[in-house]
1. If the reach is capped at under 28 angstrom between alpha carbons, list the lysines near B:Lys43, excluding any in the same chain fewer than eight residues apart.
2. Let me confirm one metric for peptide C:275-282, namely the mean number of other chain beta-carbon atoms within 10 Å of its residues' beta-carbons.
3. To make sure I understand, if each residue's beta carbon is the centre and we count other beta carbons within 10 Å, what order do B:Thr169, B:Thr503, C:Thr173 fall in, fewest to most?
4. Grab the Cα-Cα distance for A:Trp10 and A:Ser369, subtract it from 0.36 nm times how many residues apart they are, and report the gain in nm with one decimal.
5. Taking each residue in A:215-225, count the Cβ atoms of any other chain within 10 Å of its Cβ, then average. What number comes out?
6. With r as the distance between the Cβ atoms of A:Ser180 and A:Asp32 and R0 = 25 Å, compute the FRET efficiency 1/(1 + (r/R0)^6) and round to 0.05.
7. Report, in debye and to the nearest 20, how large the dipole of region B:5-238 comes out about its Cα centre when Lys and Arg carry +1 and Asp and Glu carry -1 on their Cβ.
8. Viscosity 1.002 mPa s, temperature 20 °C: Stokes-Einstein D of chain C from its Kirkwood Cα radius, in µm² per second?
Amino acid sequence: MSAILKLPAWLRWPLYVLVGIFVLTVVQSISDTERLTQVATAREMLRFSVPIFLAGLGGLFSERSGVVNIGLEGMLILGMWFGAWGSIEYGAWAGLAIGMAGGALGGLLHAIATVSFGVDHIISGVAINILAPALTRFLADEVWESPTTSPRTESVGDWDVPFLAGGTIFGNETPDILLSIGQTEIWFVHDVAQLLRGLLRGTHFVSYFAILLVPITTWIVWRTRFGLRLRIAGEDPVAGAAQGINITRYKYVAVILSGVLAGLGGAFISTELSGLFQGGNSAGRGFIGLAALIFGNWRPGGVLIGALLFGYVFGLDLRDLDGTASHAMLLVNTIALVGVGAWALSRNRTTDAILAGILGTLSFIWWVSSDTVPSWWSNILPFVLVLLVLVFFAQRLRMPAALGMPFRKGDS
Amino acid sequence: MSAAIELTGITKRFPGVIANDDVNLTVEKGEIHAICGENGAGKSTLMKILYGLQGADEGTMAVNGEVVTFNSPNDAIDRGIGMVHQHFMLADQLTVLENIILGAEPTSGGGAIKFKEAEAQLAKVAAEYGLTIDPNDLVETLEVGERQRVEIIKVLYRGADILILDEPTAVLVPQEVEALFDNMRDLKAAGATILFIDHKLDEVLEISDSITVLRHGKTVATMRNDGVTAHDLAELMVGSELPTPETGESTVTDTVALSIQNLTVVDEDARPVLEGIDLSIRKGEILGIAGVEGNGQGELVDAIIGTAAVSAGTIGLLGNDITKLSVRKRREAGIGYVPEDRHREGLLLDAPLWENAALGHQTQAPYGSRWFIDRKGTRRQTAEIKEQFDVRTPNIDVSAHALSGGNQQKLIIGRELTSNPSLLIAAHPTRGIDVGAQAAVWEQIRDARANGLATLLISADLDELIGLSDTILVMLRGRLVAQVSPDDVTPRDLGAYMTGAATQDDGQAA
Amino acid sequence: MIRRIAFIAAAPLAAFALTLVISSLALVVFGSNPIDAFSDMIGHASELETQVDILNRATPLYLSAVAAAIGFRMNLFNIGVEGQYLFGYIIAAQVGTMLALPAIIHIPVILITAMITGGLFAAIAGILKVTRGVNEVISTIMLNSIAVAGIIAALQGRWQPEQEEFTATTLGTAPIDDTGLLPNINGLVEIFTREIEQGGELTGMLLVAIGVGVAYHLLLTRMRFGFDLRASGLNPFAARAGGVAPKQMIVAAMFLSGAVAGLIGMVELAEEGRFPADPIQGLGFAGIAVALLGRNHPGGMAFSALLFAFLDVSAGILQSTQTATKEIVNIMQGIVLLAAVIAYGITKRVQTREEARATAEALQSVETNTEVTV
C-alpha cells in the first residue's frame, strides 16, 4: 500500500481506476447485469462527467485564488443559455465560445462582489445562483417565446480515435483494436477494453479537450508564474501583496476563468447532452463539480476522477430501467466501503472504520435480500455518493489556506 | 554623497488619527539606523509608506538622492528597498524557493518558471551573504529563525540594498537575536543599508549606528549612537522613564487554586504536543510560563480553558476536578481568560462594547442567566468597567473595532477581573498596546494578585515575565523543562532554557 | 438616530432604484414599455384581492427567510430549506390524515410534526459538519436533491389515496379532515376593509409567520441562546472561548432553521388539505434571497418578503395584459438581490470607517486636555 502511495500521481490514479474496474468486473460476474462495463456506460459516464469536471476545474481556479465559488451552478446555467443561443444563431463552435462568455459574465459579477466589495463569497454565489436562472428564463422567453426551452441546437460533433477505436485518418479507415479486444470475452481485459472504447469512440470534442485540461491546468497552476501568483492569492494574499503582486487582478482573472470553464460546461449540456436549452437541465452539476473539487483535493487529476465517479453513477442510472445495474451497485458500494474501512483501520481511524463497516453491512444486506432496487434509489444514488465521499474524505483534505477570506489592498 | 533615504515632512492620517505627523528621517548609506518608539508611535505606518504599501498624505521621499513616489511595493523594490515584516510574509504551503522568487520569477516566453535558474540564483545570493537554506523545503516545516532567514534572503534576492527590518527580534530568543545581529553586521559589511525598528532599547544600543525616535507620530530626535543611554531613549520615547513591571511584596498564600497533574494533550496525528505537565498555582500567586512560541503554551491554555481535548492527566480548580467540564462550566467555575490574540479569541469586533463585555459571562449575573440576557444589567456593568478600567470610549454602544488596541485590552481585562475569577489566564496581556495601557494592565493584574487571584501568565516579553511572576516555568517542546525564580534569573538565562541550550537536571520542574 | 436609519435604508433603496433602471432597459431592449408594465403592476396591487394574494405569498417567503436567516446569523449556510420544507410538509400531511382530533389539538400536532421533521432533516447536515467536517453548503444541497428527487417522490406514490383509478394527480397524501386545516383570517381583515371577493382567502399562517418573526427577534435580542448564536456568527473562536460549545450550537441552529422551514409548507397544506402531486416549489431558494435582501433582520425580511411577493403576484397581471413578459419579475428579484448584497458590502465598509473616525474624534476632544499619564 505504501509502495503505491509513493508512485507519481499520473501512475497512481490510473492504478486506482483499474482497481475500480476490477471491482466492477467481479461484481458483474455474479450479477444479472452487463451494464456495469458496457461501452455505452462509459460513453454516458463521460458525457455526464464533462460538465461536472469543467465546473469543478473552474472551482479549482477560483478557489486556488482564495475565492469560494458556489456560484458555479449559476455560471453553468448562463453557459447553457448563451451556448444554446450562440449555437442556434451562429453555429456550433460559436455556441461554445458564446457559452464561455456567458459564464465569464457570471464570473465577473462574482469577482466584482467578492473581490472589490468584500461581499461574503457564499452570499454572492447564492445571489448569482438565483439571478442566473431568472435571467435565462427571461431571455429564453424573449428570444424563443418559451421561458424553459429553445429550438434544437447544433453540436460541434464527435471524433473516433484512430486505431484504438476505429477512427479515420485522412479518410482512411483504421482498425478498431479495442473493439476486437472487447469481443474476446477475456475476463476483465474485455471489460477494460469496452470501457476505454466508450471514452474514445463517438466522443465529443469538448470531452477530449476537457481531459487535456488536466495536464494543462497542472502545468499552469504549478509551473508558471501565473500559477504561482494565483496560489499565493489563495494561500497568503498579504504576503503576495508585500512582494508587489497585484492580488486583486489575479483573483479577478481566476474567478472569471472559473466562469469561462463553467460556461463551457453549460454550453456542453445544452448543445451536446440535451441538444437544446432546457431550464433545470443543469441538475445541480455546478454543485456536484464543487464536490468533485473537494474530493480531488483541489488538484486537476483528482477533480477528473471525482467527476468520472459521479458521472458513472448518473450515466448508469440513466440506462438502468429495470434497476438491475443499480442493484449490482449495492455490492460495489459494499466492497468500496469495506475498502474504505480497511484503509481507515490501517490509519488507526476507528470511527471511520466502524462507520464504513455499518454502512457496508447495510448495503450488503440490502443486496442479498433483493433482486432490484426501486427507481427512487437510483435517482438519489449520485447525491448519496457525493455525501458519502465527503463524509469519509472531507477531513483528510487541505484547502487553500486563505480560502474564503476577504482581502483588501493595504491590509496587513 | 546623497543619503540612502531621505524623508521630509511625511504626514499620514487615518480616520480620526494622525499616524505620522511631519516626520523627517535621513538614513546614510551603509549604516544601521534604528527607529524606536512605543506601540502606536507610527513606526509601522512610516515603514509601510517607505515600502509603498500605503501612500503618504503629505511629504516627499528621496532614495539615493532622487525624489520618488511609490504606488506599490514594486516601486520600492525597483529602487532597491526590501522589507522584512514583523509577521512573516511566507505562505506555509509553498516551498522556500517559491516564496523567495515570488514577484521576480525568472520565466521563459510561455510564462513557465525556470526553477533551475531560480535555484542557482538563490544559491548565489545566499552564498554571497553567508546564509544557508534548503530551497525545496516547505515553509511549513521551518522554525522561526529559519523563516526569518528566508525573509531576509527573499529581500536580497530581489536585489535590495536598503533593508527595512520591522521588529525582527520580537519573535526571537536572546541567542537567536545574537545570530541575527551577526547577519546584520555581515550585510552591512557587504554594503547594505539597514533600517531597524525596535523598542527594546538595549538591542537598539547594541546594533545601531544612528537612532531616530518617534513619539505620537512625530520625529522627536535623531542622533548618532554615541554615548546615548537607555534612559535618554526612554525619556524621548514616552516623555518619562519607561515603566517596568514589578510585583513588590509576595502575596502567595497556601491555598492551591489551580492544580494540574500529568497533563498530556495530543494533536490530530496523536503526537503529544503537551506531555506530563505538573504545575500548581496558589491564590495570590502569578505563575509565569516562558517559552519560544509554539512550544505548547497555547495548548496548555486551551486545555485549562477547555477548548482542547485532554488525553491524560487531571486539571483541578480549587480542589474540584474540572478535566471533563465544558468551557462554559469552567468559566462559570471561575476561570477568567485574557487570550493571546484579542481579535481572534477575545472580541466580537462588529458588536457593541456592552455585548463584548458579556462575552464569556453571558450566563451569569449581572449579564444574564441560563435562558436570558439581562440587557440593563449588562449595560450597567459595562459602564462600570469603562470607568473602573479607564476604557477610553465615547460610549458603550460603539463597536469594538473602533477602539484602540490598548482600550480593547482594558475592556477584556476589565470584564475578566470584575467577574471575580479564582484563576486568571493571561496570555501576552500587553502585546501590541501602548505604554500607558501596558502600565494600567500591569497594575490591574498586581491588584488582583494582592486580592488573592491566582494567575497563569504567558508572555514572550521576558522582562514582563520576570517582573510580574512569583515563579517561572520554562516550556520546551510540550514539556516543562525548568523552574526558576524571577529574583535571580536574567532574560539570557531564560533564553538558554527556552532553546534547550541549558538544562536543569535536578528535576525541580517535574 | 435618523442618520442611522438613513444609513440602513440607503443600500436597499439604491439597489431597488438600480433594479428599476436595469429592468426598464431590459424591457426597452425587447420592445416593451416599462412604464406601462410597472403601472399595470402597481394598479393591480392596489386591489384588496391582490393584496390578499401578496400576503398569502409573502407568508411562506417570510418563514423561509427566517429559516435561512437563523443559519446565516451564525455563518451557517443552510441552502437546503427547500428539501426541509417539502419533507416536513409531506410527513405532517400524512400524520394529519391518520389522526381524527378536535381542531385545537389536530392543527398544532400537524404544525409541530412539520417542524420536528424539517428540523431533524436539517440537523443531519449539522451533524455531518461537526462530526465529519462536511461543508454544510454542499451537504444541504445534496440532501435537497435526495429529498426532492427521491424521498418525496417515493412517499407521494406510497401514500396516495386508494382510488379506482390512479392518475398523476392523485399522487400525494389523502385529504386531511377539516379539523386539521388552519382556517383563513378573512374575518380579521374585513373588520377594517370591505369584503374580500372572488373567493380570496387570507391564510391563517400569516399570524403564525408574524409570531415566528417576533420569536426570532426576541431570540436574538433577549435570549442567551440568541446571544450565543450571534456571537458564533461574528467570531466563532471568541464565542468558543466565551463558553459557546460550537458543535452543539451548529446542530441546534440547523435544527431550529429546519424547524422553521417545516412551517413553510403549512401555508399550502391549509389551502389544499393534502400534500398534492405538484406542491409549490422554489420557496426555499426564494427565502434565501429574501433573507439576504432583508439582512437577516426580522423587519427587513418582512419588507423584502412583501417585495418579492408583490413581484411574484405581478407576474399574473403581466401575463394577462401582455405589456411585458412576466419573466421580468424574476429578473427584478435577481438583480435587486445581487445589487443589495453588493450595496451592503459597501455600506459595511463605510460604516466601519465612519465609526472608527467618530470614536477617535470623540476621544481626541477629551484627551487633548489630559496628557497620557504613566
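1. Excluding near neighbours in sequence, the set is A:Lys409, B:Lys12, B:Lys29, B:Lys154, B:Lys188, B:Lys200, B:Lys218, B:Lys410.
2. On the way: counts 0, 0, 0, 0, 0, 0, 0, 2.
For peptide C:275-282, the averaged partner shielding equals 0.
3. Numbers: B:Thr169 22, B:Thr503 12, C:Thr173 27.
Result, fewest neighbours first: B:Thr503, B:Thr169, C:Thr173.
4. On the way: separation 359, 0.36 × 359 = 129.24 nm, distance 4.01 nm.
Extra length available between A:Trp10 and A:Ser369 comes to 125.2 nm.
5. On the way: counts 0, 0, 0, 0, 3, 2, 0, 2, 5, 7, 12.
Mean number of neighbouring Cβ atoms from other chains: 3.
6. Values: r = 27 Å, r/R0 = 1.08.
The pair A:Asp32/A:Ser180 has a calculated efficiency of 0.40.
7. Values: 19 positive and 38 negative charges, 114 e Å.
Charge dipole, region B:5-238, about its Cα centre: 540 debye, nearest 20.
8. Numbers: Rh = 22.5 Å.
Value of D from the Cα-based Kirkwood radius: 95 µm²/s.
Values in this text are rule-based calculations from the coordinates and carry no lab data. All values derive from a computational prediction rather than experimental measurement. Note that we place each Cβ from the backbone using ideal geometry, even for glycine, and neighbour counts take in every protein chain shown.
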